[in-house]
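Have a look at the structure below, then the notes.
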Amino acid sequence: MEGMKNLFPARMEDVPEEFRLPEFVDQREYLVNGELRVWRGDFQDVISPIGMASQEGSRIGRYPLLTEHEALEALEAARNAYDNGRGEWPTCGVEERIRRIGNFAARMKERRDEVVRLLMWEIGKTLKDARKEFDRTIDYIVATIDALKNLDRVSSRFVIEEGVFGQIRRAPLGVVLCMGPFNYPLNETFTTLIPALIMGNTVIFKPPKLGVLLHKPLLELFCEAFPPGVVNTVYGDGAKVIGPLMASGQVDVLAFIGSSRVADILKKQHPKPHRLRSVLGLEAKNPAIILPDADLEATVKECVLGALSYNGQRCTALKIIFVHKQIAEAFVEKFSQAVNALKPGMPWDEGCAITPLPEPGKTTWLGELIADAEKHGARVVNNGGGEAEGTIMRPAVLFPVTEQMQLYRREQFGPVVPVAVFEDIEEPLRYVVESDYGQQLSIFGRDPGQLAKLIDPLTNQVCRVNINSQCQRGPDSFPFTGRKDSAEGTLSVSDALRVFTIRTLVAAKSTEENRDIISRIVRQRESTFLSTDFIL
Ligand code: G3H
């Protein structure tokens with residue numbers, strides 16, 4: 001236990017210089033209508049999970065606690081910028097939007113170190129993963145631009161059917177409210193914000209409760225890159241700032257990554273739900289199913305990655321492992337060893353994999369889940385598993401986990417790995433069917449016939465079946481979605497362009513006069529919609 005305490009820096013000077021926070025991050029600005037306005041009301045303190053001298057956390061900054069009034073100002077700015085589809089942004093054309101987003105990405109790269117440092121301090125992400133999150137976000141923007149060029153090329157032509165000709169394109173929907181989660185506060189916010197913007201919508205975005213300050217270096221870039229009102233930010237208590245936005249009925253798309261409970265509240269607040277398009281990434285409890293013939297070494301490696309990358313705080317994490325009785329003992333032994341080899345430390349520590357958890361009270365709550373499992377007959381099987389010091393916890397492997405335990409069904413979203421044993425494959429299959437979630441699962445085994453028998457029914461239960469591989473969102477060109485309480489709508493680089501648009505067409509009966517009119521418009525480049533120009 002003493003060792004865990006020593007992991008925390010005693011003073012800022014103990015942190016390697018390049019990762020220190022040079023000063024208190026005093027975010028007083030919020031972005032509305034192209035201006036960074038200074039807030040003079042109440043603020044929310046930002047407590048880093050990295051507490052000095054092992055306090056529960058340290059106060060590293062603050063951000064505005066806006067009210068309904070400022071939220072509605074942001075909405076008005078976004079609506080005016082959209083101007084019922086007549087604003088500068090929705091009408092400027094794909095090429096111009098691509099140019100502006102490309103410039104934004106180029107400027108964003110210059111702020112990498114600042115954003116990465118704040119990712120470490122605000123949410124405890126390791127240096128390696130924080131850099132990965134930043135770089136993946138830039139790659140996503142570049143891929144989005146390419147996907148849009150492709151889409152535009154396909155749409156730059158006329159279709160002629162049954163004596164009617166037309167041009168079909170994807171047009172924006174209006175005002176998009178983007179809300180990302182704390183575990184990927186940059187990446188998952190931008191995987192909705194960027195496609196929404198590039199397709200001509202205007203945006204209000206609210207960072208998650210944890211993971212706010214890391215957006216601060218980007219605010220001025222939004223200001224420079226886009227016309228006023230195209231990007232606006234709101235901060236504060238969701239009930240106070242998001243409730244009124246939804247209740248206004250003037251949000252056209254809700255892009256939300258978080259819990260289904262909150263998603264339901266938000267959707268119900270909209271007075272005309274049929275007008276609201278939603279794209280939701282919600283909770284999951286992805287199981288791993290380990291068959292008797294699985295390659296033990298490779299399976300252990302993938303299960304460790306799947307269950308404990310970023311301390312298990314991924315919606316895609318493996319959150320319960322079902323292992324066949326024949327290999328349960330061997331698996332649990334090797335898995336426990338591999339888990340214990342994960343090094344706890346501060347995000348910048350070389351090779352560290354287990355870091356402080358940002359959610360207040362999280363280690364205590366996980367401790368309660370462990371105690372509940374123990375009460376019902378499971379054991380922590382890895383040495384020191386579940387030991388906690390303030391915000392950090394050594395991962396705990398619980399075995400054997402059964403239906404009576406909360407860990408069997410509840411999403412732990414942390415460094416606790418429940419392992420259950422099965423004899424009959426119907427047991428994990430029943431688990432999947434009865435689960436409230438339906439995102440992904442992993443099957444480990446080597447017999448193609450046996451695997452095929454599982455793949456077919458399971459692809460009708462979840463949206464991605466991973467073979468001998470952990471669950472994950474990437475590559476970002478793959479569809480990312482879920483069934484039941486796990487998602488609504490599909491995200492991928494190309495799907496996101498569809499999510500934030502609706503197909504719209506201009507059509508005419510193919511009379512000579514109509515052909516002449518349309519040809520003239522196209523030849524003289526009088527419309528951005530009716531156009532056969534190619535973007536190369
Ligand atoms: O939290 C959910 C993320 O979308 C997971 O993404 O599988 O790439 O870590 P990932």
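The values are calculated or read from the model by the stated rules, or taken from the named source; none is laboratory data. Source: prediction; values computed, not measured. Cβ: placed from backbone, ideal geometry, glycine included. Neighbour counts: every protein chain shown. These area figures cover heavy atoms from the full protein model, side chains too; ligands, DNA and RNA do not enter into them. Shrake-Rupley method; radii C 1.70, N 1.55, O 1.52, S 1.80 Å.
Quick look at the values:
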read-out: Dimensionless Rg/Rh of region 298-344 - Kirkwood Rh, Rg from C-alpha atoms; value: 0.97
read-out: Computed [θ] at 222 nm, helices only, for the chain once each DSSP H run of length n ≥ 4 contributes -39500 (n - 2.57); value: -12000 deg cm²/dmol
read-out: Volume per residue that the Cα convex hull of the chain spans, once the total is divided by residue count, Å³; value: 158 Å³
read-out: Equivalent ellipsoid, region 312-391 (semi-axes from 5 times Cα gyration tensor eigenvalues, Å); value: 23, 17, 12
read-out: Region 229-305: Cα Rg divided by the 2.2 N^0.38 Å rule of thumb; value: 1.71
read-out: Full-extension gain in nm, E333 to D45, via 0.36 nm per residue minus C-alpha separation; value: 99.4 nm
read-out: Inter-site label distance for R99 and D424 at 7 Å from Cα along Cβ, in nm; value: 6.7 nm
read-out: Translational diffusion of region 364-469, µm² s⁻¹ [Kirkwood Rh, Cα pairs; Stokes-Einstein; 37 °C; 0.692 mPa s]; value: 216 µm²/s
read-out: Additional length obtainable on full extension of the chain from A452 to A508, 0.36 nm per residue less Cα span; value: 15.2 nm
read-out: Kirkwood Rh and Cα Rg combined as Rg over Rh, evaluated for region 86-216; value: 1.07
read-out: In order through region 318-330: 3J(HN,Hα) via Karplus (6.51 cos²θ - 1.76 cosθ + 1.60), integer Hz, x for Gly, Pro; value: 6, 10, 7, 10, 9, 10, 5, 3, 4, 10, 4, 4, 5
read-out: Of K125/K149; K285/K453; K216/K268; K240/K268; K5/K285, those spanning more than 27 Å from alpha-carbon to alpha-carbon; value: K125/K149; K216/K268; K5/K285
read-out: Amide hydrogen neighbours beyond the local backbone of F43, cut-off 5 Å, H modeled; value: L65
read-out: Rg and Dmax of region 11-55, Cα atoms only, in Å; value: 14.7, 43
read-out: Sequence-distant residues sharing a close amide H with F322 (under 5 Å, placed H); value: A288, I289, I290, A420
read-out: Accessible-area composition of the chain, carbon plus sulfur, in percent [1.4 Å probe]; value: 48 percent
read-out: Residue-normalised accessible area of the chain, given per residue in Å² at a 1.4 Å probe; value: 43 Å²
read-out: Amide proton proximity set for S58, modelled H, under 5 Å, gap of 5+; value: S48, I50, G51, M52
read-out: In range of the label at T532: residues from region 503-521 whose backbone nitrogen is under 15 Å from the point 7 Å along Cα→Cβ; value: 515-521
read-out: Extension reserve of the D436-H376 stretch, reckoned as 0.36 nm per residue once the Cα distance is removed; value: 19.4 nm
read-out: Highest average packing first - 212-220, 424-432, Cβ atoms within 10 Å; value: 212-220, 424-432
